[in-house]
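**Q** Provided herewith is a single structure, encoded as C-alpha cells, for subsequent inquiry.
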Amino acid sequence: MSELLPPELLRLLLLAAALATLAMLVTLLAQRTTRRRRERRRAELDAIHRRLVLESTIAEDDELPALLDRVRGLDDASRAHIGRSVFMMLQDVTGEAADRLRQVAAASGLAPRVTAAARHRSAVRRADAAEALGRLAPEGALELLLALAEDRDPEVRTVAVRALGEFEHEAAVARVVRALAEDSGVPSTVAATALLQQGGAASDRVRLALRDPDAGIRRGAARIAGLLQVPGSADELVALLHDDHESVRLAAMRSLERMPVREALEPLVGIALAGGTTGEAAARTIASMPSEWSAPALDALDGAEPGVRRAAGLKRREAAA
Amino acid sequence: MSGRILVVDDDRDIRDLVAIKLESAGHEVVTRADGAQALEAGMEGGWDVIVLDVMMPGMSGIDVLRALRDRGVETPVILLTARGQEKDIEAGFAAGADHYVTKPFSPRALLARVTAALG
Amino acid sequence: MSWLHDVLEAVFAVLAWPSAIYFIVANTSMLVLILVASRHFARYLRRSEHRGEDAMAGSPVSLGVTVIVPAYNEGAVILTSVRSMLDLRYPDHEVIVVNDGSADETMALLKEEFALVEDDRDLPGRIPVRGRLRGVWRAPEGAVPLVVVDKENSGRSDSVNAALDLASKELVVMVDADSILEPDALLSVSKPFADDPDRVVATGGVVRIVNNSRVLGGRIVELRMPKQLITRIQVVEYLRAFLLGRTAWSDLNALILISGAFGMFRRDVLVELGGLDPDSIGEDFELVMRIQRWIRDGHREARVRFVAEPVSWTEAPSTLKVLARQRRRWHRGLWEVLWKFRGMLLNPRYGRVGMLALPYYWLFELLAPLIELVGIVIVVLGLLVGAVDPVAALLLLLVSYGYGTIVTLAAVVVEEASFHRYERWRDLAAVLWAVLAESLGYRQLTAIWRIQGWWAALTGRKQVWGEMTRTGFAGATASGSIASGQAERGD
C-alpha cells in the first residue's frame, strides 16, 4: 500500500484532517459565544423595557398615549425588542389587555414591518408575516391575510388560514371554508380549527358547506358542525351518513355524538353491523345518544362483531352470561 | 377588598401579566414558577386565593391542587388551562378547583374571578 | 514466525485498499446523512415563528391517540409514569397499560390509585395475543381515560398487541413505562399525521439520554450531562445515529427504523399488519420494515416520518455489563430483521428502501464490527511481526477512526446550531472528550459485543437477556432495579 501512496499524500491528509477538526471546533465556540452574547443582550433590554410593556396592559385610557409616546421615542434596538416581547405576550392574553399590547406593537413600529414582510420574496418571511398579522391585527390585516391565503406556497397559505381564524368577517369565514377543500394544500385540521375559532360567525357557512360538492369541505364541515352546535345541521348530518366518502361519514358520526338525532339511529345501526373501524365509530355514536333512544339500537347490535360490541359498550358474552 | 394571592405558572410572561393586573387592583401577589415550589408555598398558608397553571413540567397544577386538598388546605383555587383541554377542567374540578380560566386569558376576567373568590 | 509474516503481508496487500475504501465510503455516507439532516434542521428552525403548535394543542379536531404502556415489574415507577402520560398536553388521548404478569405490586398499585373497576365490554380479538388474559380494568366513568389489561407474562411485543386490540383512537403510540416524556410529545409526534392525514402511517420520535438529569414527577426539570464516560459517549452516539441519521433517512423517504420507545402508528394499518411480531428481537425494526414492505406492495403514497424534536428520554446503560447486553441484543435483532427481509435488499421494486437504506444497514451497520475487528487484528499483528508498513497502518487509522471522529464532531456542530440542549461550557467539554474517547476503546468494545450478538443469532443460542438493571432517576422517582419488560420470555 505504501508503494502506491507517497508519504506526502499522507501528510496532506493529516493536515486536512487537522484543519477540518480545527474549523469545526472554532465553529462550535463561535456559535456558542454569539448565542450567549445575544441572550445577554436580550436580557439587558428586557430588564429595561419589560415593565413598560406590562404596564401598558393595565393602563387606563388616559395614561396610554404617554406610554406609547415613550415607546416611539426609543432607539431601534429597543423598539424591536419591545415588538418581540409584545408578539410573544399576545399568545397569552385576550380582551382589553391584548388591544393595549397591539397598540404598543404599532408604536414600536412592528406593524409596518409586518405589513411589508407580507410581500417578501421569501416564503418563510411571508409565513412569519401571516402569523404576526393574525396576532397583531394591524389595520388592513384582513385584506393582507386574504391575499396570503392565495399565496403560491402552501405553507404560507396554511399559516394565513390559521391566522384568519382570528377574524369573524364573512370574507374570512368563506376563505377558511374553501381551505377545507381536498386540493387546497392546507391541512384539514388547520382549516377546521380556524373555523372553530371563528365560532358562531361561521355557523351559516358551515351548514351550507355540508352540501358542498367537494368531499374535503363536506368532511371538515361535518367534523365541526357538532362542536359548533350549528343550528339546522342535524338533518344534513344524517344525510351525510350515506356519503360516498368514508371520511365524511366518520366526521358526521363524530358530530352526531354531540348533536344526537333520533333519525340517525337507523343508518348508524346499518353501518355498525357492517363492522370495521367505521362500524366501531357508528357504535360509539349510538352509545353516546340518550339511552331511551339508543336501547333498541344497542339490542340490534347484539350480533355485531366483537370490536363493534365493545365500542357500543356491550358486555363480553361469557361475562353477560 | 384586597388579598394575598399566590400565582403559579411556568411561563414568565403569564406570571408577570397576571401579577401586574392583580397588583394594580391592590392585591399582594407572590409568584412561583413550578409545581414543587407552588406546593411548598401553598402549604405555608396565608393565601386568600391561588391562581394555578395546569400544564407545568414536573408536578402539574392538578397534582399540586390534589396535594393541597389532601393536606387540608381549603384556599380557593382558580386554574389556568389551555383552550380545548376540557379534560383538564374536569380533572381540575374533581381535584377540588373552584374556578377555571382558559388561556389565552383576559386579565380583566381573571381579576373578576379573583374578586369573586375573595368575596 | 516467517510464515505468519508472509501470510499477513499477503493478506494486507489484498485487503488494505478495499478496507480503506470501505471506511472512506462508510464515513462519507454518515457525513452525507448529517448534511441532509442539517438542512432539515435549518428549515425547521426558520419556521419556528409560525408552526402554530399551540393552536393545535387546543384543537378538538385533532386525531385521537391511544398511548400503549407495557409494564413488567414497574412498581417503582408505574404510578408516576401513568399520571405523567395522562397529563400529556393533547386534546384527545387515552392510556392503556398492560400488566405483563408482573411479580411485583404493579397491578395492585394501579387498582388502588385509580379506583379501577372491571371492564366487561366485549374484546375485539382482531390481534392474536398469546398471554392469557386475567382481566381488563378501567377507571370509573367520568374519571381519567385509562384502561388496564392484566395478563400472564408473555413479553413486551405480545403485551403491546393486547393493548392494540383494545385501542379505540385513530392513532396509537407505544411507550415504555420507564420513559420520560416531554409534555408536548404527542403533539410533536402526531403533527405529521395532522399535516398529511391521507399519507402518513407511522412516525418516530427521537429518544435521548436522561442519566443524571433532574426528573420530577415523570418530567425533566433540569437536563444535565451524564456523569460516566460510557454514558456520555452514548449521548454522542444517539445524537449522530438517532437524531441526525434518522432525520436524514426520513427526509430521503427511506426510514426503516423507529425506536420502540416512541413510535406512533395509524391504528387501522397496525391492525391490518397484525401488530408486533412477538418472536422478533428487533420488534420495532421488524415492524417498520413490514410497514415499508406494505407501502411498496400497493400503498405507494404512504409515508413513514421521523420527528426530530426531543420527545422521549430514557435511562442508558451506565455499566459495561448492561451496555454489552444491550448491544448484543441490538445486533442480534438487526441481523434477524435484515435476514428476514433480505428479499427487499437491492430490489428496485422497493425504491430507496431497497436500493439505499438496506444496503447501508447491511454494509455499514451489520458488517461494520466484523470488518473493524478483522482490520484491527491484522494491522496489530502485522505491525508486531513487521509485515505491515507503519505509514500504511497510519493511513488506515486515519480514514477509519480519524475520519469517523471528524464526522461525529460534525454531528455535534449541527446539534449546537439547532437544539443545543447542553448549555454549560463544562458540558461542551464533556461532549468533545466523549467524541474523542469513542474511538479509544468504546468502538472496539461495542464491535466485539455486536459480533457476539450476531454469532448468538447464527448459532441459534437461546435468547437470554434478563432484566436490564437501571439506576433510578435522581429526584422524586424511585431508584433501584427496573425491569425492561422483556424478561422470562420462553422460546
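**Q** Can you go through C:GLU237, C:GLU222 and tell me which one is more than 30 Å from A:VAL190 (Cβ to Cβ) and free of Cβ contacts under 8 Å to residues at least 40 places away in the same chain?
**A** C:GLU222
**Q** To continue, here is another question. Report those helices (runs of 4 or more DSSP H) wholly inside the stretch A:55-143 carrying at least 2 residues which are buried (at least 20 other Cβ atoms within 10 Å of the Cβ), at negative phi and at the interface with another protein chain (Cβ under 10 Å from one of its Cβ atoms).
**A** Per the criteria, A:76-89, A:95-107, A:123-136.
Residue-wise test of (1) touching a residue at least 40 places away in the same chain (Cβ under 8 Å); (2) assigned to a loop (DSSP other than H, G, I, E, B); (3) closer than 20 Å to A:ASP244 by Cβ.
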residue: A:PRO267; (1), (2), (3): no, no, yes
residue: A:GLY270; (1), (2), (3): no, no, yes
residue: A:LEU273; (1), (2), (3): no, no, yes
residue: A:GLU280; (1), (2), (3): no, no, no
residue: A:ALA287; (1), (2), (3): no, no, no
residue: A:ALA300; (1), (2), (3): no, no, no
residue: A:GLY307; (1), (2), (3): no, no, no
residue: A:GLY313; (1), (2), (3): no, yes, no
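**Q** Let me confirm something: among C:LEU356, C:LEU346, which residue is modelled with pLDDT of 95 or more and in contact with a Gly (Cβ under 7 Å, 6 or more places away or on another chain)?
**A** One residue alone meets the criteria, C:LEU346.
**Q** Additional query: Being closer than 24 Å to C:ALA177 by Cα, open to solvent by less than 30 Å² (accessible area, probe 1.4 Å) and in contact with a Phe, Trp or Tyr (Cβ under 6 Å, 6 or more places away or on another chain) narrows it down to one of C:VAL235, C:VAL322, C:VAL311, C:VAL288, so name that one.
**A** Result of the check over C:VAL235, C:VAL322, C:VAL311, C:VAL288: C:VAL311.
**Q** Kindly indicate which of C:ALA76, C:ALA55, C:ALA71 is modelled with pLDDT under 95 and away from chain B (no Cβ under 14 Å).
**A** One residue alone meets the criteria, C:ALA76.
**Q** Let me ask something else about it. Which condition does B:MET43 not pass, out of (1) within 11 Å of another protein chain (Cβ to nearest Cβ); (2) open to solvent by 10 Å² or more (accessible area, probe 1.4 Å), if it passes all the others?
**A** Looking at each condition in turn, B:MET43 falls short on (1).
**Q** Give the residues of the stretch C:140-174 that are in a loop (DSSP other than H, G, I, E, B), at pLDDT 95 or above and of a type in the set (A, V, I, L, M, F, W, C), sorted by residue number.
**A** Within the stretch C:140-174, just C:ALA167 meets the criteria.
**Q** Same structure, new question: Please pick out the residue among A:ARG223, A:ARG207 that is touching a residue at least 24 places away in the same chain (Cβ under 8 Å), over 24 Å from A:ALA129 (Cα atoms) and under 18 Å from the mean Cα position of the chain (by Cα).
**A** Of A:ARG223, A:ARG207, the one residue that is touching a residue at least 24 places away in the same chain (Cβ under 8 Å), over 24 Å from A:ALA129 (Cα atoms) and under 18 Å from the mean Cα position of the chain (by Cα) is A:ARG223.
**Q** Same structure again: Using beta carbons and a limit of 8 Å, which pairs, at least six apart or on different chains, have the first residue in the stretch A:138-153 and closer than 14 Å to A:VAL114 by Cβ and the second one assigned to a loop (DSSP other than H, G, I, E, B) and of a type outside the set (Lys, Arg)?
**A** A:ALA141/A:PHE167; A:LEU142/A:PHE167; A:LEU142/A:HIS169; A:LEU144/A:ALA118; A:LEU145/A:PHE167; A:ALA147/A:ALA118; A:LEU148/A:ALA118
**Q** List every residue pair whose Cβ atoms sit under 7 Å apart, with the two residues 6 or more apart in sequence or on different chains, where the first one lies in the stretch C:1-17 and is within 14 Å of chain A (Cβ to nearest Cβ) and the second, anywhere, is open to solvent by less than 90 Å² (accessible area, probe 1.4 Å) and not in a helix (DSSP H, G or I).
**A** C:LEU8/C:ALA387; C:LEU8/C:VAL388; C:GLU9/C:ALA387; C:PHE12/C:ALA387; C:PHE12/C:VAL388; C:ALA16/A:MET1; C:TRP17/A:MET1
**Q** Considering only the stretch C:60-83, how many residues are surrounded by fewer than 22 Cβ atoms within 10 Å (Cβ to Cβ), of a type outside the set (A, V, I, L, M) and closer than 23 Å to B:LYS103 by Cα?
**A** 3
**Q** Those residues that are more than 26 Å from C:MET56 (Cβ to Cβ) and either open to solvent by less than 20 Å² (accessible area, probe 1.4 Å) or more than 13 Å from the chain's Cα centre (by Cα) (or both), I need them from the stretch B:76-93; list them, please.
**A** Within the stretch B:76-93, just B:VAL77 meets the criteria.
**Q** Could I ask something else about it? Go through the stretch A:267-321 and give me each residue that's more than 9 Å from chain C (Cβ to nearest Cβ), open to solvent by 60 Å² or more (accessible area, probe 1.4 Å) and small (Gly, Ala, Ser).
**A** Once the filter is applied, which keeps residues that are more than 9 Å from chain C (Cβ to nearest Cβ), open to solvent by 60 Å² or more (accessible area, probe 1.4 Å) and small (Gly, Ala, Ser), the stretch A:267-321 yields A:ALA274, A:SER291, A:GLY303, A:ALA321.
Residues checked against (1) away from chain A (no Cβ under 12 Å); (2) not aromatic (Phe, Trp, Tyr):
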residue: C:PRO369; (1), (2): yes, yes
residue: C:ASP389; (1), (2): no, yes
residue: C:GLU416; (1), (2): no, yes
residue: C:TYR422; (1), (2): no, no
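**Q** Against the condition open to solvent by 30 Å² or more (accessible area, probe 1.4 Å), within 14 Å of another protein chain (Cβ to nearest Cβ) and out of contact with any strand residue (DSSP E or B) (no Cβ under 9 Å at 6 or more places or on another chain), how does A:ARG211 come out, does it pass?
**A** no
**Q** So, one more: Please go through (1) open to solvent by 30 Å² or more (accessible area, probe 1.4 Å); (2) free of Cβ contacts under 8 Å to residues at least 12 places away in the same chain for C:ALA55 and return the number of the only condition it doesn't satisfy.
**A** Unmet for C:ALA55, out of (1) open to solvent by 30 Å² or more (accessible area, probe 1.4 Å); (2) free of Cβ contacts under 8 Å to residues at least 12 places away in the same chain: (1).
**Q** Determine which single condition C:ILE233 fails, assuming it passes every other condition in (1) closer than 27 Å to C:LEU88 by Cβ; (2) assigned to a helix (DSSP H, G or I).
**A** That leaves (1) as the condition not met.
**Q** Still on this model: Pick out the one residue from C:ARG328, C:ARG300 that is within 17 Å of the chain's Cα centre (by Cα) and open to solvent by 60 Å² or more (accessible area, probe 1.4 Å).
**A** Going through C:ARG328, C:ARG300 in turn, just one is within 17 Å of the chain's Cα centre (by Cα) and open to solvent by 60 Å² or more (accessible area, probe 1.4 Å): C:ARG328.
**Q** Which one of these is within 13 Å of chain B (Cβ to nearest Cβ), touching a residue at least 24 places away in the same chain (Cβ under 8 Å) and open to solvent by 50 Å² or more (accessible area, probe 1.4 Å): C:GLU113, C:GLU94?
**A** It is C:GLU113.
**Q** With a cut-off of at least 3 residues that are free of Cβ contacts under 8 Å to residues at least 24 places away in the same chain, name the helices (runs of 4 or more DSSP H) lying wholly within the stretch B:41-119.
**A** It comes to B:86-95, B:107-118.
**Q** With touching a Phe, Trp or Tyr at 6+ places or on another chain (Cβ under 8 Å), at negative phi and not in a helix (DSSP H, G or I) as the only criterion, which of A:PRO260, A:PRO213 stands out?
**A** Going through A:PRO260, A:PRO213 in turn, just one is touching a Phe, Trp or Tyr at 6+ places or on another chain (Cβ under 8 Å), at negative phi and not in a helix (DSSP H, G or I): A:PRO260.
**Q** Is it the case that B:ALA19 is in a helix (DSSP H, G or I), farther than 28 Å from A:HIS49 by Cα and either open to solvent by less than 50 Å² (accessible area, probe 1.4 Å) or within 14 Å of chain C (Cβ to nearest Cβ) (or both)?
**A** No.
**Q** If you check A:ARG32 against the conditions, is it surrounded by 12 or more Cβ atoms within 10 Å (Cβ to Cβ), basic (Lys, Arg) and within 14 Å of chain B (Cβ to nearest Cβ)?
**A** When the stated conditions are applied, A:ARG32 does not pass them.
**Q** Please work out which one of (1) under 30 Å from C:GLY135 (Cα atoms); (2) surrounded by fewer than 16 Cβ atoms within 10 Å (Cβ to Cβ); (3) in contact with a helix residue (DSSP H, G or I) (Cβ under 7 Å, 6 or more places away or on another chain) is the condition C:ALA103 fails and give its number.
**A** (3)
**Q** From the residues in the stretch C:191-217 that are open to solvent by less than 10 Å² (accessible area, probe 1.4 Å) and among the small types (Gly, Ala, Ser), which one is farthest from the other protein chains (Cβ to nearest Cβ)?
**A** C:GLY204
The values are calculated or read from the model by the stated rules, or taken from the named source; none is laboratory data. Here the structure is a predicted model, which means the values were calculated and not measured. Don't worry about glycine lacking a Cβ; one is built from the backbone with ideal geometry, like all the others, and counts go over all protein chains shown. What goes into the accessible areas is simple: the full protein's heavy atoms, side chains included, and nothing from ligands, DNA or RNA. Shrake-Rupley method; radii C 1.70, N 1.55, O 1.52, S 1.80 Å.
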